[in-house]
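Bear in mind these aren't lab numbers, they're just calculated from the coordinates by the rules spelled out. These numbers were taken from a predicted model, which means no experiment stands behind them. Here the Cβ is made from the backbone with ideal geometry for all residues, glycine too, and neighbour counts use every protein chain on show.
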Amino acid sequence: MATPKATKALITRLLNAGYRVRSYSGRGMFGKECVGVSLERGQELTVNVKAASFDQLGMGQIAYFRGYEFPEGRVFAYENAVGEAE
């Protein structure tokens, strides 16, 4: 599992790239929440992160990062905002 500092850095990179960062519990994660971003149909993840996994979500997909636990106390998502994650 990534450190909180590494998770914050990933979230900051994703926000600066214009993604809406959200929590996600992928297959086989047994309810644990990790960092994820929703992608529209045909949209690609432009942030180079080798740890990304992908699931289909109806009309789009989600890229999620199993090794990066979603920060506790966040309700659901970080909005698109250039800057640094809280």
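Here's the yes/no breakdown for (1) outside any helix (DSSP H, G or I); (2) surrounded by fewer than 17 Cβ atoms within 10 Å (Cβ to Cβ); (3) among the polar types (S, T, N, Q):
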site	(1), (2), (3)
Ala6	no, yes, no
Leu10	no, no, no
Ser23	yes, no, yes
Lys32	yes, yes, no
Glu44	yes, yes, no
Val49	yes, yes, no
Gln56	yes, yes, yes
Gln61	yes, no, yes
Pro71	yes, no, no
Q) Is it fair to say Gly42 is under 14 Å from Glu69 (Cβ atoms) and either without any contact (Cβ under 8 Å) to a residue 12 or more places away in the chain or not small (Gly, Ala, Ser) (or both)? A) no
